[in-house]
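J.: Mind having a look at this structure? Questions to follow.
Here, each number is a calculation from the coordinates, and none is a lab measurement. Nothing here was measured: the structure is a model prediction, and the numbers come from that model. Using ideal geometry, Cβ is built from the backbone for each residue, glycine included, and neighbour counts are taken over all protein chains shown.
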Amino acid sequence: MSEGKSILKGIRVLAVDDEEDILETIADILEEVDLDTARDRDTALKKIQAHRYDLAILDIMGVDGMGLLQETVKKGIPTVMLTAHAVNPEMLMDSIRLGAIAYLPKETLADLDTFLEKLLSAHQRGEPSWKLLFEELGEYFDERFGKDWKAKDRAFWSEFSRSYLIGKGIQQRLSHDRRLSDKGV
């Protein structure tokens, strides 16, 4: 964790996973946040609609994480996708397209606080969180997916490399950002 005041301290976070032990682990790791949890899609959807969150952490499988991602993006909630079973290039690209700020394999769960600290800091500074994620986990993805895993979707990754964030999801999330809308952006 970084020196000084943590960007995580006191923020309101929604974590959604169908596995109780994962939610307990997240609670242990993120002890300084105001954590709300849900174990299924319907409960999560009600919480997303009823409350304001500074961050959402969504499992992809078992809770319709991609559907929930669309809802968090509509509400302007920065969202991190967390998965064990959907660690593949297609889900990674879908996460990018739909507006997530990161895609973390559950194998990295022990470092969740460190990743979130870096990602949210970058996000608040207006820096591309995906660039940071690939700097941190690029070797992991290369090992998991194979060295030339981006070649199959070369056009997507070429555009992504130029902009570090594509898709309407990020634009929609930014349109809900009060800091920007207050400035007429």
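J.: Quick one: net charge of Asp142's neighbours, Cβ under 12 Å, K/R +1, D/E -1?
T.: Summing Lys and Arg as +1 and Asp and Glu as -1 gives 0.
J.: Let me spell out the model: positive unit charges on the Cβ of Lys and Arg, negative unit charges on the Cβ of Asp and Glu, origin at the Cα centre of the chain. What dipole size does that give, in debye rounded to 20?
T.: Approximately 1240 debye in magnitude.
J.: Now for a different question. Need one number: the % of Cα-Cα pairs in the range 51-95 sitting beyond the 14 Å mark.
T.: Tail fraction, whole percent: 42.
J.: Of the peptides 13-19, 53-59, 70-76, how do they stack up when ordered by the mean number of other Cβ atoms within 10 Å, highest first?
T.: Packing order, densest peptide first, comes out as 53-59, 13-19, 70-76.
J.: Once the convex hull of the C-alpha atoms of the chain is built, how many Å³ does it hold per residue, rounded to a whole number?
T.: 116 Å³
J.: Quickly estimate the mean residue ellipticity at 222 nm for the chain, helices only: each DSSP H run with n ≥ 4 gives -39500 (n - 2.57), and the total goes over all residues, rounded to 500.
T.: About -14500 deg cm²/dmol.
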